[in-house]
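Each remark here refers to the structure printed beneath this line.
The values are calculated or read from the model by the stated rules, or taken from the named source; none is laboratory data. Here the structure is a predicted model, which means the values were calculated and not measured. No Cβ is skipped: glycine too gets one built from the backbone with ideal geometry, and neighbour counts run over all protein chains shown.
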Ligand code: AMO
């Protein structure tokens, strides 16, 4: 008999079915044995009246350890009195396909570190699995949007011969006779695609940062959502694309998982309204200062508290969870950001802040080689080290811009989880290389 997914049982008529999954609970009573069986789609109650003097099936049920994977054949019966979905399966055959050790090493209230040590068990929790169903839907919606708008998907190398962002937070790996760097961002290669005449590209892939911090939003390896497009007039065109893909992604998540998210997390995901508010950085700093918080950073950037405060303001004023903070000062942006023609102390760039946390950086890039070389010099960088990147611009590149966005941060904030450890399949941090 073919296996039926548990979620599909309720639509079937009473009769024979086969189901398979892992044993979540057993109530081994004298007269009747009850189990809850869970698979990737849901849970169902199994029931077996205990025969006089037991038999092979009742002994197998009594002996099965929680978490074991089993295959069951039986009779599906609709019965309103059954709390779990109004159905149950009366067991005819019970096969322990892969037994679990008897003691479960984690419980729902174990510490996050302990849970991550046994992540495969942690992910059996339907709420944790839901995060990755949401992730799939979200990424798919972004891809669909990009494909429908003529973007090409690229896969760029993660082994590099030069740093992709800055010399800070750089992983070095021995590479035959030389040293390679793990890619911190596909920045160089997404811009190369503009020189290649691809027009519009995206990539969803790993990025690596040797960042020693232990915050809720930093990992040493994370999935970066990147896009880059040619023939823009300013960073405004990038922001317009950026907010459009987010709306598409959120809409798909709400449509497909809204109810389950409410049920398992007790929260309502809302599709953000267009356009997202935009506030120049200088104004954002002024707003948070007027509201009692002077950002204590010499470089003039927002700090995490400043991000929380500007988000709180935007929520109050505009009822919005997102804000594009724009026009960052040249001193706190990388050399490749285009500077404002009227005010070269500013860049044509933005950060996207969602519910108080930065989720993305975007900008128009400098595509004019002479200006780019000036900016490299201005930042005190070595043009020799950047020679492969600079080469792209010597044969013509259209005006272009794009953004990079951390996937796990978006999910953490969307689903109101406490850390990207919860929204990353397998988290990597300074103290974690396992599992
Ligand atoms: P940036 O360095 O701001 O920009 O990174 C973009 C986004 O990537 C995510 N991110 C991280 N997520 C988890 N752990 C980390 N250690 C980490 N570092 C960054 C954040 C961040 O907003 N090349 C530019 C982007 C561009 O201009 O296209 C870049 O990498 O969500």
Qualifying positions in region 391-414 - closer than 26 Å to residue 326 by Cα and away from the ligand (no atom under 14 Å from the Cβ): 393, 397, 398, 399
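Based on this model, can you work out whether residue 142 counts as away from the ligand (no atom under 16 Å from the Cβ), under 20 Å from the mean Cα position of the chain (by Cα) and not in a loop (DSSP other than H, G, I, E, B)? Walk me through how you get there before you give the answer.
Values: away from the ligand (no atom under 16 Å from the Cβ): no; under 20 Å from the mean Cα position of the chain (by Cα): yes; not in a loop (DSSP other than H, G, I, E, B): yes.
Judged against the criteria, residue 142 is not a match.
How many of the residues in region 128-157 are touching a helix residue (DSSP H, G or I) at 6+ places or on another chain (Cβ under 9 Å) and either buried (at least 17 other Cβ atoms within 10 Å of the Cβ) or under 16 Å from residue 407 (Cα atoms) (or both)? Quick ask: steps written out before the conclusion?
Taking region 128-157 first, the residues touching a helix residue (DSSP H, G or I) at 6+ places or on another chain (Cβ under 9 Å) are 128, 130-135, 137-142, 144-146, 149, 151-154, 156-157.
Then drop every residue that is not either buried (at least 17 other Cβ atoms within 10 Å of the Cβ) or under 16 Å from residue 407 (Cα atoms) (or both), which leaves 128, 130-135, 137-142, 145-146, 151, 154, 156.
So the answer is 18.
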All-but-one check, residue 223 against (1) within 17 Å of the chain's Cα centre (by Cα); (2) in a loop (DSSP other than H, G, I, E, B); (3) within 14 Å of the ligand (Cβ to nearest atom), failing number (2)
Determine whether residue 377 is assigned by TED's automatic domain parsing to the domain that holds residue 307 and either within 10 Å of the ligand (Cβ to nearest atom) or crowded, with 23+ Cβ neighbours inside 10 Å (or both). no
Can you find a residue in region 119-132 that is free of Cβ contacts under 8 Å to residues at least 60 places away in the same chain and more than 30 Å from residue 10 (Cα to Cα)? no
Only one of (1) surrounded by fewer than 16 Cβ atoms within 10 Å (Cβ to Cβ); (2) modelled with pLDDT of 95 or more; (3) over 22 Å from residue 272 (Cβ atoms); (4) in contact with a helix residue (DSSP H, G or I) (Cβ under 9 Å, 6 or more places away or on another chain) is not met by residue 161, so which one is it? (2)
Any pair with Cβ under 6 angstrom, 6 or more apart, that starts in region 389-411 at a residue that is in the same structural domain as residue 348 (by TED's automatic domain parsing) and ends at one that is in a loop (DSSP other than H, G, I, E, B) and within 11 Å of the ligand (Cβ to nearest atom): 404/185; 408/424; 409/217
The listed residue being touching a strand residue (DSSP E or B) at 6+ places or on another chain (Cβ under 6 Å) and either within 26 Å of residue 314 (Cα to Cα) or in the same structural domain as residue 357 (by TED's automatic domain parsing) (or both), out of 226, 211, 303: 226
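Tally time: how many residues in region 183-215 are farther than 25 Å from residue 238 by Cα and either surrounded by fewer than 16 Cβ atoms within 10 Å (Cβ to Cβ) or more than 12 Å from the ligand (Cβ to nearest atom) (or both)? Full working, then the answer.
First pass over region 183-215, keeping only residues farther than 25 Å from residue 238 by Cα: 210-215.
Those left that are additionally either surrounded by fewer than 16 Cβ atoms within 10 Å (Cβ to Cβ) or more than 12 Å from the ligand (Cβ to nearest atom) (or both): 210, 212-215.
Number of matching residues: 5.
Kindly indicate whether residue 353 is at pLDDT 95 or above, assigned to a helix (DSSP H, G or I) and buried (at least 19 other Cβ atoms within 10 Å of the Cβ). Outline the logic, then answer.
Values: at pLDDT 95 or above: yes; assigned to a helix (DSSP H, G or I): no; buried (at least 19 other Cβ atoms within 10 Å of the Cβ): yes.
Criteria not met by residue 353.
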Would you check which residues across region 87-122 are closer than 28 Å to residue 265 by Cα and touching a helix residue (DSSP H, G or I) at 6+ places or on another chain (Cβ under 6 Å) and list them? 87, 106, 112, 115, 122
Meets criteria (in contact (Cβ under 8 Å) with a residue 12 or more places away in the chain, within 12 Å of the ligand (Cβ to nearest atom), buried (at least 21 other Cβ atoms within 10 Å of the Cβ) and not in a strand (DSSP E or B)) for residue 372: no
Give region 77-122 a look and list any residue that's surrounded by fewer than 16 Cβ atoms within 10 Å (Cβ to Cβ), within 30 Å of the chain's Cα centre (by Cα) and part of a loop (DSSP other than H, G, I, E, B), or say none. 104, 105, 107, 108, 109, 111, 118
